[in-house]
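Note sheet for the following structure.
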Amino acid sequence: MIEKMKFLSVTGPKEDIDRVVNDYLSKYEIHLENALSELKTVKSLRPYIEINPYKDKLTKAEEFASMLGTDKNQENPTGTISIEEASETLATLESKFSDIYTRTNALEAKKEDLKASYERLRPFLGFDFDIHSVLQFKFIKYRFGKITRDYYKKLEHYVYENLDTVFYRCSEDEQYVWGVYFVPAGRAGQIDAVFSSLHFERIHLPDEYEGIPQEVGTKLQSDIHDLDVQLQECREESAKLLNEYKNKVLLCRDKFRSLTSNFDVRKLAACTKEVKILLLTKIYCCIIMSCSIISLSNTIIKDYCIIYEINFFIYNFSIKNK
């Protein structure tokens with residue numbers, strides 16, 4: 001069918017753009033036109049260029065909403081929220097989660113250090129001596145490391161027949177044998193060369209272990225478990241906080257989605273500076289259905305911040321029935 005459309009221009013304070021778009025323009029079937037193209041005779045008219053101030057807040061709100069889970073973030077929130085309250089809510093959540101993230105990251109880092117320490121020690125859990133005491137030896141040199149099983153057989157034969165050294169086997173798998181060998185300090189260079197020729201790979205253990213490896217390993221695993229408990233408490237605290245703010249998070253997300261969408265109106269608006277009143281203004285140009293113009297006029301006329309003008313150009317638009 002054919003619908004009659006009318007051309008409408010709306011002018012008001014620049015800082016009032018979001019309210020006008022939300023309160024008026026978004027509630028009617030309006031086709032926006034480029035104000036610069038339509039108002040060519042207006043002097044000092046320039047594009048309305050502004051960086052979207054809601055983009056980062058929308059990203060943060062959607063991040064919090066995604067943390068609620070697929071089911072909860074699809075729910076419809078109840079109530080309304082102002083821009084100020086939405087911004088304050090996001091700032092509050094960010095501050096509280098920042099504290100949780102700081103503690104979580106510290107716990108994760110400590111856990112990774114303990115896991116790395118345990119993995120270094122794990123091949124030598126069969127060593128039945130105090131590692132710290134061994135690391136203090138002055139006249140006897142020690143070398144922790146691993147050797148392939150094939151070379152270990154050659155080592156067994158060669159060591160016991162020709163070298164002044166003792167190899168203590170700690171553990172083994174299908175490919176390697178892990179252990180430590182001891183040599184007199186005066187012959188360390190010669191014997192190290194022999195082990196190197198047999199592809200013995202040294203592993204340097206830091207002086208951070210107090211006690212027998214098996215006991216130290218058990219303590220490390222216990223400490224890792226304690227950290228897992230604390231990390232779980234952080235996750236539960238995070239979930240509780242999200243559940244407490246669930247409705248507000250969804251309201252914030254929807255609010256900034258709407259504001260971000262409405263912000264695109266700026267691409268079609270124009271700015272001018274009236275010398276008489278020294279007021280920066282914004283101008284919208286749009287085409288609206290004739291049947292809606294009365295309703296919009298009756299509403300917008302009560303707004304002292306806005307000047308509107310209806311031009312008597314009638315546009316005929318073909319609208320397909322759905």
Restricting to the range 180-205, what's the tally of residues that are touching a residue at least 40 places away in the same chain (Cβ under 8 Å) and on the phi < 0 side of the Ramachandran plot?
15
Does residue 95 fit the bill of being modelled with pLDDT under 95, within 25 Å of residue 232 (Cβ to Cβ) and small (Gly, Ala, Ser)?
yes
Checking the conditions here, which among 141, 96 is of a type outside the set (Phe, Trp, Tyr) and within 28 Å of residue 60 (Cβ to Cβ)?
96
Selection from the range 93-128 of residues that are surrounded by fewer than 13 Cβ atoms within 10 Å (Cβ to Cβ) and in contact (Cβ under 8 Å) with a residue 40 or more places away in the chain:
128
Out of 259, 227, 205, 250, sole residue that is surrounded by 13 or more Cβ atoms within 10 Å (Cβ to Cβ), part of a helix (DSSP H, G or I) and touching a Lys or Arg at 6+ places or on another chain (Cβ under 7 Å)
227
Top-ranked residue in the range 129-164 [being over 47 Å from the mean Cα position of the chain (by Cα) and surrounded by 18 or more Cβ atoms within 10 Å (Cβ to Cβ); ranked as modelled with the lowest pLDDT]:
159
Within the bounds of the range 187-195, is there any residue that is buried (at least 16 other Cβ atoms within 10 Å of the Cβ), under 16 Å from residue 213 (Cβ atoms) and at pLDDT 90 or above?
no
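The values are calculated or read from the model by the stated rules, or taken from the named source; none is laboratory data. Just so it is clear, the structure is predicted and the values come from calculations on it, not from any experiment. Note that each Cβ is placed from the backbone with ideal geometry, even for glycine, and that neighbours are counted across all protein chains shown.
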